[in-house]
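What follows is a short report on a single structure.
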Amino acid sequence: MTDLKTLMNMTGRRALITGAAGGLGRAMADSLAELGADLVLVDLPGADTPAFARQIEQKHGTAVVVKECDLEQAAQRTALAKQVLTGEGHLDVLVNNAAFVGSSNLSGWAEAFEDQTIDTWRRALEVNLTAAFHLCQLFAPALRNSRGGSIINTTSIYGQWGPDWALYEGTGMSNPAAYGASKGGLVQLTRWLSTTLAPEIRVN
């Protein structure tokens with residue numbers, strides 16, 4: 001029987017994480033690198049991803065590549081996949097983690113329902129849902145070629161439940177309609193992909 005240490009060993013595996021400079025992205029990157037995975041860290045231009053990448057390399061000794069990408073732009077998503085997979089590039093794990101969240105500084109976002117704008121609704125669905133769909137498409141061939149390819153989508157309790165507004169009193173955070181709608185869509189996309197891409201790719 002294979003022991004747990006062997007099952008958890010990700011040496012030689014390569015994982016891509018979007019939203020890598022955020023709190024969840026950093027925790028995911030640190031954990032995957034601790035297990036031996038090489039990383040592709042993706043975030044917006046101007047994020048402090050390069051400094052974080054150096055910390056990971058020094059701490060865990062794994063290879064870390066930084067890629068800048070505005071996930072609102074389909075052309076940039078396509079270019080990202082080409083860059084990652086060029087030459088001998090491969091991918092074993094895709095983590096769709098980037099999202100507009102309750103503290104994002106967007107016009108027409110953290111407002112009363114009547115003041116939430118359609119433009120920002122569309123932007124949120126593009127980043128939180130459409131980008132995940134597109135990246136899954138772009139990387140599916142590489143993940144199929146991997147031994148046990150995996151997709152992980154970061155969803156939310158608000159993809160299943162309505163918000164308790166008392167939790168936000170006295171804070172600068174909010175819970176816009178587009179956040180819950182996009183995360184609910186991502187939950188169902190994950191279910192759909194889990195049976196469609198099986199058994200070559202696990203989707204969670």
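The values are calculated or read from the model by the stated rules, or taken from the named source; none is laboratory data. It should be emphasised that the depicted structure is a prediction, and the values quoted were computed from it without experimental measurement. Please note: Cβ atoms are built from the backbone with ideal geometry, for glycine as well, and neighbour counts cover all protein chains shown. Side chains are part of the model used for accessible areas, which takes the heavy atoms of the whole protein and leaves out ligands, DNA and RNA. Shrake-Rupley method; radii C 1.70, N 1.55, O 1.52, S 1.80 Å.
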* To do: Of all residues in the range 135-147, count the ones that are open to solvent by less than 30 Å² (accessible area, probe 1.4 Å) and more than 16 Å from Gln188 (Cβ to Cβ).
  => 6
* To do: Output the residues belonging to the range 170-204 that are of a type in the set (Gly, Ala, Ser) and closer than 20 Å to Gly108 by Cα.
  => Gly170, Gly172, Ser174, Ala177, Ala178, Gly180, Ala181, Ser182
* To do: Report yes if some residue within the range 159-182 is of a type in the set (Phe, Trp, Tyr), over 17 Å from the mean Cα position of the chain (by Cα), surrounded by fewer than 18 Cβ atoms within 10 Å (Cβ to Cβ) and under 24 Å from Phe133 (Cα atoms); otherwise report no.
  => yes
* Restricting to the range 138-164, what's the tally of residues that are out of contact with any helix residue (DSSP H, G or I) (no Cβ under 8 Å at 6 or more places or on another chain), part of a helix (DSSP H, G or I) and farther than 14 Å from Ser182 by Cα? -> 5
* Asked: Is there a residue being closer than 30 Å to Trp165 by Cβ, of a type outside the set (D, E, K, R) and touching a strand residue (DSSP E or B) at 6+ places or on another chain (Cβ under 9 Å) anywhere in the range 36-45?
  -> yes
* Among Leu167, Leu135, which is the only one that is assigned to a helix (DSSP H, G or I) and either modelled with pLDDT of 95 or more or under 15 Å from Ala98 (Cβ atoms) (or both)? -> Leu135
* Can you pull out the helices (runs of 4 or more DSSP H) entirely within the range 13-121 that have at least 1 residues that are of a type in the set (Lys, Arg), in contact (Cβ under 8 Å) with a residue 12 or more places away in the chain and open to solvent by 60 Å² or more (accessible area, probe 1.4 Å)? -> 23-34, 49-60
* Asked: Of all residues in the range 72-95, which are under 24 Å from Ser146 (Cα atoms) and aliphatic (A, V, I, L, M)?
  -> Ala79, Leu80, Ala81, Val84, Leu85, Leu91, Val93, Leu94, Val95
